[in-house]
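> Encoded as C-alpha cells, here's the structure I'll be asking about.
Values in this text are rule-based calculations from the coordinates and carry no lab data. This structure is a prediction, so every number in the text was calculated from the model and none was measured. Every residue, glycine among them, receives a Cβ derived from its backbone with ideal geometry; neighbour counts consider all protein chains shown.
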Ligand SMILES: Nc1ncnc2c1ncn2[C@@H]1O[C@H](COP(=O)(O)OP(=O)(O)O)[C@@H](O)[C@H]1O
Ligand SMILES: [Mg+2]
C-alpha cells in the first residue's frame, strides 16, 4: 500500500559550538523529494526544549538521527524513551534495542545464547573479573558501552590490561570488556526491515589502505574513523572475493542479532573475519548507525539498487507500517495535527 505524505521531524543532536552534521540536510532533502514535509528538530541538552520543539513540529513521525544527548552518547536511549513516552512514532530501534545493543557485554551474552560467534572475552566490573574461557594476548580492551572507539586500545600484557581497565573505570565510569584480538578483514553489513523478515545488505569492507604501517595493528580507531580521507588512506570498499559460504554465515549471524536485540528498521552489524580460521566473529551491533549518504548502510543499499533517497524512504515506510501511519488512501488518513497535539 502506498504511503501518503507525512509530516516528519528530523531529530538530530547538535551541541552549542558544533555545526549540524550533513546527514541532517541529506535526510531532510530525501524526505522532501519523496513528498513529505521535513521539519528539523535539534536536540542539545535540555529536555524541556526537546519536548517543546517536538510539540511544535506537529510531526506524524520522527526520523530519529539522534545519537547523543547533552554530550553523552549513552543517553541516545533516553531520547528514544522520551519519544515513546510522548507516543510519537519514530524510525529505528526503540529503547529496548538501543539499550541492549549499547551494552557490548550484554550483547555478547545474548548472542552466545543464540549461537552467534563473538571473540572470547572477559569483563571487569569494579574489582571483579569474569573470564569466559582462556584468553590470549593481545587483547582489545574497551568500555562496555563504548562508541566511536573511545577508550579502546590493544593491550599486550597484564600490566597494560590492568592500566586500561582502571582508565575505563575512572574516565568512562564503565565496566571494561577485554576481547581476544581477531586478526583479519573487517566487514560490515546493513540490515533493513522488521524482525519478521530482515534484509541483509551486501558486505562492505574497511580497507586499511596502502599507507598503513606494518607495525600498526589494524583497528578502526579514532584516527581511522575521523582521520583524513584520500588515496592510500583507509576506505570503505565493496569486496568481490568473499565466498558465498562466508557471506551466508555473516547474513545468518546478522539476522539473528537483529532479532535477538529487538532492532527495528535499520542497523549495521560489524564483523571480523579471522585470517586463521576464516570464521566471521561478530564485533558490534549498531542499532542507530550513521546514515550519511556515503556510509556503510548506504553503500550496501546501493549495491542492491536502492539509491540513498530510496533507502531513506524504505526506512520511513517500515516505521510507518509499524505504527499503521499513512497507510490508507489520503482522504480518510488520520489528521496529522491531531496526533502531535497529544505531546507535552
Ligand atoms: N575483538 C576485536 N578484534 C579485532 N579488532 C577489534 C575487536 N574489537 C574491536 N576491534 C576494532 O576496534 C573497532 C571499534 O570497536 P567496536 O567494538 O566496534 O567499538 P565502537 O563502539 O567504539 O565502534 C572495530 O571496528 C575494530 O576495528
Ligand atoms: Mg564499532
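> Quickly work out the residue 81-to-residue 42 label distance, labels modelled 7 Å from Cα along the C-beta direction, and quote it in nm with one decimal.
Rounded to a tenth, the inter-label distance reads 2.6 nm.
> Let me check against my output: what whole-number percent is the relative contact order of the chain, with C-alpha pairs under 8 Å and at least 6 apart?
It rounds to 22 percent for the chain.
> Right, here's the next one. Using helices alone, I'd like the mean residue ellipticity at 222 nm for the chain: each DSSP H run of four-plus residues gives -39500 (n - 2.57), total over residue count, nearest 500.
The helix-only estimate for the chain comes to -10000 deg cm²/dmol at 222 nm.
> At R0 = 45 Å, how high is the FRET efficiency between residue 131 and residue 72 if r is their beta carbon distance? Nearest 0.05 is fine.
Taking R0 as 45 Å, the efficiency between residue 131 and residue 72 is 0.90.
> Using the alpha-carbon atoms, what tilt in degrees (0 to 90, nearest 10) does helix 76-85 show relative to the longest principal axis of the chain?
On a 0 to 90 degree scale, this one is about 30.
> Sticking with this one: How large is the Kirkwood hydrodynamic radius of segment 121-180, in angstrom, based on all distinct alpha carbon pairs?
Hydrodynamic radius (Kirkwood, Cα pairs) of segment 121-180 is 11.1 Å.
> Report the residues of segment 176-211 in range of a label on residue 310: point 7 Å along Cα→C-beta, backbone N strictly under 17 Å from it.
Within reach of a label on residue 310, which here means backbone N under 17 Å from a point 7 Å along Cα→Cβ, segment 176-211 contributes 190-193, 199-203.
> So how do 225, 197, 104 line up by other beta-carbon neighbours within 10 Å, fewest first?
Least to most surrounded, the residues fall as 197, 225, 104.
> Per 0.36 nm of contour for each residue apart, how much would the distance between residue 173 and residue 214 grow if the chain were fully extended, relative to their Cα-Cα spacing?
Extending this stretch completely gives an extra 11.4 nm.
> Kirkwood Rh over alpha-carbon pairs of the chain, then Stokes-Einstein at 10 °C and 1.306 mPa s: what D in µm² s⁻¹, rounded to an integer? Could the numbers behind the result be given before it?
Values: Rh = 21.1 Å.
The estimated diffusion coefficient comes to 75 µm²/s.
> Identify which of 187, 41, 247 has the largest mean-square fluctuation in a Gaussian network model of the chain, with springs joining Cα atoms closer than 10 Å.
The residue that fluctuates most here is 247.
> Work out, step by step, the length gained on full extension between residue 237 and residue 148: first 0.36 nm times the residue separation, then minus their alpha carbon distance; give nm to one decimal.
Contour length minus Cα-Cα distance gives 30.0 nm.
> Can you give me the Cα centroid spacing of segment 196-226 and segment 235-273 in angstrom?
Measuring centre to centre over Cα atoms gives 13 Å.
> Using the alpha-carbon centroid of each, what span in Å lies between segment 279-307 and segment 138-164?
25 Å
> What is the order of 66, 295, fewest Cβ neighbours within 10 Å to most?
Details: 66 25, 295 20.
Starting with the residue having the fewest Cβ neighbours, the order is 295, 66.
> Build a GNM of the chain with springs between Cα atoms under 10 Å: which of 287, 22, 231 gets the top mean-square fluctuation?
231
> Still on this structure: Counting pairs of alpha carbon atoms under 8 Å apart in space and at least six apart in sequence, what relative contact order in percent does segment 171-220 give? Can you show the working numbers first?
On the way: 33 pairs, mean separation 14.0, N = 50.
Across segment 171-220, relative contact order equals 28 percent.
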